[in-house]
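The values are calculated or read from the model by the stated rules, or taken from the named source; none is laboratory data. Just so you know, these numbers come straight off a predicted model, no measurement behind them. So basically every Cβ, Gly included, is an ideal-geometry build from the backbone, and we count neighbours across all protein chains shown. Heavy atoms of the whole protein, side chains included, go into the accessibility calculation; ligands, DNA and RNA do not. Shrake-Rupley method; radii C 1.70, N 1.55, O 1.52, S 1.80 Å.
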Amino acid sequence: MTRQIVEDISNDTKTVIGHNLQPTPWHIFPVREFKNETRLARTSRIVKCSYLSCLTSSSNGEATFTSEAETCPEFYRWIYHDLEPWAKSRVSYDSLMEAKKFASLRVVIISGRLYVEYYYDCVQSRALFTVWGLLQLLKRYPGSIPDVDIMFDCMDRPIVDKKDHAAMPLPIFRYCTTPDHFDIPFPDWSFWGWVEVNLGPWQEEFKSIKKGSKVTSWDKKFPYAYWKGNPNVLSPIREKLLLCNDTNKWGAQIMRQNWALEIAQGFKNSKLSNQCNHRYKIYAEGYAWSVSLKYILACGSLPLIINPKYEDFFSRGLFPKENYLPISPKNICPSIKTAVEWGNSHPAEAEAIGKAVQDYMEQLSIDRVYDYMYHLITEYAKLQDFKPVRPPAALEECVDSLICYADETQHGFLERSAASPSSTPPCKLPPPNVEMIKKQIEAKNAILNKSELII
């Protein structure tokens, strides 16, 4: 094979870290550049990582379970709700190909091996860590994941509107959804680490945050609400929230997160375990949903959630006044003040809500995240009316291929989040209960639609 042919192959090969890919048209971000690579180094790397790394990778084998399965959390029932649009029509190959228009990548699993076809680049290292998470699922439950063909988008906002696609619901997985979209929520990349902002794997972060939350007793915590984040993400909610930064008037401390400064200073002031010193923590959506939700809930503070538009896979299990206090997006500052005043005059109840939601997040261990992925993929695969085959342009991804592409920092994060075969089967999925989900939605909306906070 001549050098020119090899270079031509590398120039046509789309990779998990963004080689030869453009940003998604529906969410533009700067085109990725690989300035630190010579043409020869780039060609060698692509050939090695994309074509040679998985040649010697072996099958994960078959699962061997030595203990009984537990029962999954109740919110797993939402899997049936999310897949209900295809319960009768099933997922056809035609609908999958239509969904391709809105996908950044395609994931195909056949006989326990993972193949990915890349269409568009994903911002930062989302694709790398999302694909890594899928590989860890295959390691955790070897031989148990069915053959499946999935369209996936790695950007923030849901895109398959129910009104526009009522005649043919399009199946696409992403990190969040809304009641008005067909998009199927799937665990986001940060469960395995968000290297750009120095957030470790979920099991590490939760343990660290919970430990930090115990440093100060409830009565010694600052008696006001706290939010620290980036308001410069085209988020009207966060822009409004900035106006609430007055502990005397509104009972809130609102702080901008300057990530450029944090990176320059080695993330000295952004450690999440040091941000659990307030009785109340605020969640405000960004450009869409925000990965910050799970870290806020892990603190054990009473969450004040500005009524969200978007939902991720686990947030549907949260209920207002039981797991958090709702904040009106139309009246943010007064709503925060009312919540803080109620909490300060009812400290036992406020602390109990914070403890309950921290327990909820503790139950959402990385093991349970894998179980959710397992059940969602399994139920989705049952609905496909065609046999998945490897797309001609799809490349096999394996642990070695991702490690090959990862830089030194990413490599460390990937290794820290590596899974092992489970001795326990996936948790038992509760049976579908349409009426229960319907009543939960109605009860939640009845509370959230009220203009005032009534405890």
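Helix 332-345 versus the longest principal axis of the chain: what is the Cα-based angle in degrees, 0 to 90, to the nearest 10?
Value to nearest ten degrees: 60.
Using a 1.4 Å probe, how large is the accessible area of Met436, given in Å² and rounded to the nearest 10?
60 Å²
With every protein chain present, what accessible area does Trp289 have (1.4 Å probe, heavy atoms only), rounded to the nearest 10 Å²?
Trp289 exposes around 20 Å² with every protein chain in place.
Go through (i) 22.1, 73; (ii) 36.2, 120; (iii) 22.5, 77 and flag the label whose value is the computed Rg and Dmax of the Cα atoms in Å for this structure.
Recomputing Rg and Dmax of the Cα atoms in Å here gives the entry labelled (iii).
Be a star and scan the range 385-401 for residues whose amide nitrogen sits under 15 Å from the point 7 Å along the Cα-to-Cβ vector of Tyr93.
Output list for this probe position: 385-393.
Counting only the heavy atoms of the protein chains, how much of Ser292 is accessible to a 1.4 Å probe, in Å² to the nearest 10?
30 Å²
Can you put Tyr224, Tyr115 in order of accessible area, largest first, using a 1.4 Å probe?
Tyr224, Tyr115
Kindly sort Leu395, Leu243 by accessible area of their heavy atoms, largest first, with the probe set to 1.4 Å.
Order by accessible area, largest first: Leu243, Leu395.
Could you sort Arg174, Arg238 by accessible area so the largest value comes first, with the probe set to 1.4 Å?
Descending order: Arg238, Arg174.
Could you check the spin-label model distance between Arg416 and Lys207? Points 7 Å from the Cα along Cα→Cβ, value in nm.
Each label point is offset 7 Å from its Cα along the Cβ direction, giving 1.1 nm.
Hey, what number do you get for the chain at 222 nm if only DSSP H runs of n ≥ 4 count, each worth -39500 (n - 2.57), divided across all residues, to the nearest 500?
-10500 deg cm²/dmol
List the cysteines in the chain whose Cβ has no other cysteine Cβ under 4.7 Å from it.
Cysteines of the chain left without a disulfide-compatible partner: Cys176.
Using only Cα atoms and rounding to the nearest 10 degrees, what angle (0 to 90) does helix 434-448 make with the longest principal axis of the chain?
Taking the Cα atoms of the chain, the angle to 434-448 is about 50 degrees.
When the Cα centres of the range 157-214 and the range 7-74 are compared, how far apart do they sit, in Å?
20 Å
Dipole size in debye (nearest 20) for the range 97-243 around its Cα centre, Lys and Arg Cβ +1, Asp and Glu Cβ -1?
720 debye
Round to a whole angstrom and tell me the spacing of the C-alpha centers of the range 356-411 and the range 86-137.
10 Å
Once you have a ≥ b ≥ c as the square roots of the Cα gyration tensor eigenvalues for the range 1-61, tell me rounded if a/c is under 1.5, and otherwise prolate or oblate according to whether a/b is larger than b/c.
Oblate shape, in that a/c is at least 1.5 and b/c is the bigger or equal ratio.
Among Phe313, Ile237, Ile332, which residue has its Cα positioned farthest towards the positive end of the charge dipole of the chain, with +1 placed on the Cβ of Lys and Arg, -1 on the Cβ of Asp and Glu, and the dipole taken about the Cα centre?
Projecting each Cα onto the dipole axis, the largest value belongs to Ile332.
Could you tell me whether the range 190-318 comes out rounded, prolate or oblate from its Cα gyration tensor? Rule is a ≥ b ≥ c as square roots of the eigenvalues, rounded for a/c under 1.5, then prolate if a/b exceeds b/c, otherwise oblate.
It is rounded, given that a/c, with a ≥ b ≥ c, falls under 1.5.
When DSSP assigns beta bridges and you keep just the ones with both residues in the chain, what percent turn out antiparallel, to the nearest 5?
Given both bridge residues lie in the chain, the antiparallel proportion sits at roughly 45 percent.
With label points built 7 Å along Cα→Cβ from the Cα atoms of Ala446 and Ile403, find their separation and express it in nm.
Once both label points are built, they end up 5.5 nm from each other.
Please get the size of the charge dipole for the range 233-305, origin at its Cα centre, with Cβ charges of +1 on Lys and Arg and -1 on Asp and Glu, quoted in debye to the nearest 20.
About 160 debye.
Projecting each Cα onto the charge dipole of the chain (Lys/Arg +1, Asp/Glu -1 at the beta carbon, about the Cα centre), which of Val116, Leu105, Val215 comes out farthest on the positive side?
Result: Val215.
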